[in-house]
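One structure is given here, and the rest of the page talks about it.
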Amino acid sequence: NNNLLEEVNNCKKVASTYEKLISFIKDFKTKLTSYELPAISEIANKLFVEITKGRYLGLAINEDFSFTVIRDNNKVPLETLSGGEKDLASICLRIAISKRIAVLAGRKNMGFLALDEVFGSQDQNRREELINTLQVISKDFKQIFVITHNQDVEEVFPNRLVIQKIGNYSGAVLA
């Protein structure tokens with residue numbers, strides 16, 4: 001009987017811990033949706049409008065974590081955009097989240113931003129717009145690390161490491 005009573009008490013402790021965790025997660029989600037989502041949306045929105053040169057008038061994260069854009073004065077789901085436009089929205093959201101994390105960590109800027117193959121789905125004009133945006137936001141990041149296979153993009157950046165096949169292995173060469 002004592003063993004069963006001890007087991008019941010342990011189960012009550014686990015259940016109490018579980019309930020506290022659930023409550024914490026609900027509070028965290030409430031704070032996130034009421035404070036952070038608007039701040040992240042605002043940053044992402046400004047970048048998206050700038051990159052698309054006003055073609056889209058807004059990008060927002062909704063409370064249910066879905067994304068909408070304003071196109072032709074109508075709110076439309078992100079899914080209605082082309083693949084390249086979705087990629088641009090994703091980049092803007094990643095940058096906005098990074099900036100917001102920096103603020104929450106008490107920093108003026110993040111030290112490092114890495115973008116892997118973000119230019120591949122973009123046409124020439126969008127690549128140029130994205131490059132200009134990266135130059136604008138470079139003041140917010142000490143380093144921006146871009147991985148690309150687009151020759152026209154590679155040449156824009158002053159400091160480059162080129163990965164080349166050297167014999168049977170790959171190596172980095174300063175370009």
Ranked by how many other beta carbons lie within 10 Å on average, peptides 159-172, 43-56 from highest: 43-56, 159-172
Could you work out the relative contact order of region 95-175, using alpha carbon pairs under 8 angstrom and six or more residues apart, expressed as a whole percent? 27
So, over other residues within a Cβ distance under 12 Å of ILE95, counting Lys, Arg +1 and Asp, Glu -1, the net charge is +2
Note to self: with every protein chain in place and a 1.4 Å probe, region 1-148 gives an accessible area per residue in Å² of 64
Amide H neighbours of LEU81 under 5 Å, counting only residues 5+ apart in sequence or on other chains, H built in-plane at 1.01 Å? none
Tell me the Rg and the Dmax, in Å, that the Cα atoms of region 60-144 produce. 14.1, 38
Could you check how much of the accessible area of the chain is carbon and sulfur, as a whole percent, using a 1.4 Å probe? 55
The base-10 log of I(q)/I(0) that the Debye equation returns for region 103-168 at q = 0.12, 0.13, 0.14, 0.15 Å⁻¹, one scatterer per C-alpha, is -0.38, -0.43, -0.49, -0.55
What percent do you get for the relative contact order of the chain when only Cα pairs under 8 Å and 6+ apart count? 14
Amide H within-cut-off set for VAL146, under 5 Å, with H built and near neighbours excluded: LEU115
Starting from 0 in steps of 5 Å, tell me what percent of the Cα-Cα pairs of region 33-175 lands in each bin. 2, 9, 18, 20, 18, 14, 9, 5, 3, 1, 0, 0
Got a sec to turn the phi values of region 64-78 into Karplus ³J(HN,Hα) couplings, 6.51 cos²θ - 1.76 cosθ + 1.60 with θ = phi - 60°, whole Hz, x for Gly and Pro? 8, 6, 8, 10, 10, 10, 9, 10, 6, 6, 10, 7, 10, x, 4
Using Cα positions and a limit of under 22 Å, work out the lysines in reach of LYS86, with same-chain residues fewer than 8 apart set aside. LYS46, LYS53, LYS75, LYS99
In Å², nearest 10: area of ASP87 left accessible to a 1.4 Å probe: 60
Of the convex hull enclosing the alpha-carbon atoms of region 30-98, the direction-averaged projected area in nm² is 4.2
What does the charge dipole of the chain about its Cα centre add up to, to the nearest 20 debye, if the Cβ of each Lys and Arg holds +1 and the Cβ of each Asp and Glu holds -1? 540
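The values are calculated or read from the model by the stated rules, or taken from the named source; none is laboratory data. Small disclaimer: the values here were computed from a predicted structure and weren't measured. Cβ sites come from the backbone with ideal geometry, for glycine too, and all protein chains shown count toward neighbours. Surface areas here come from the heavy atoms of the whole protein model, side chains and all, with no ligands, DNA or RNA. Shrake-Rupley method; radii C 1.70, N 1.55, O 1.52, S 1.80 Å.
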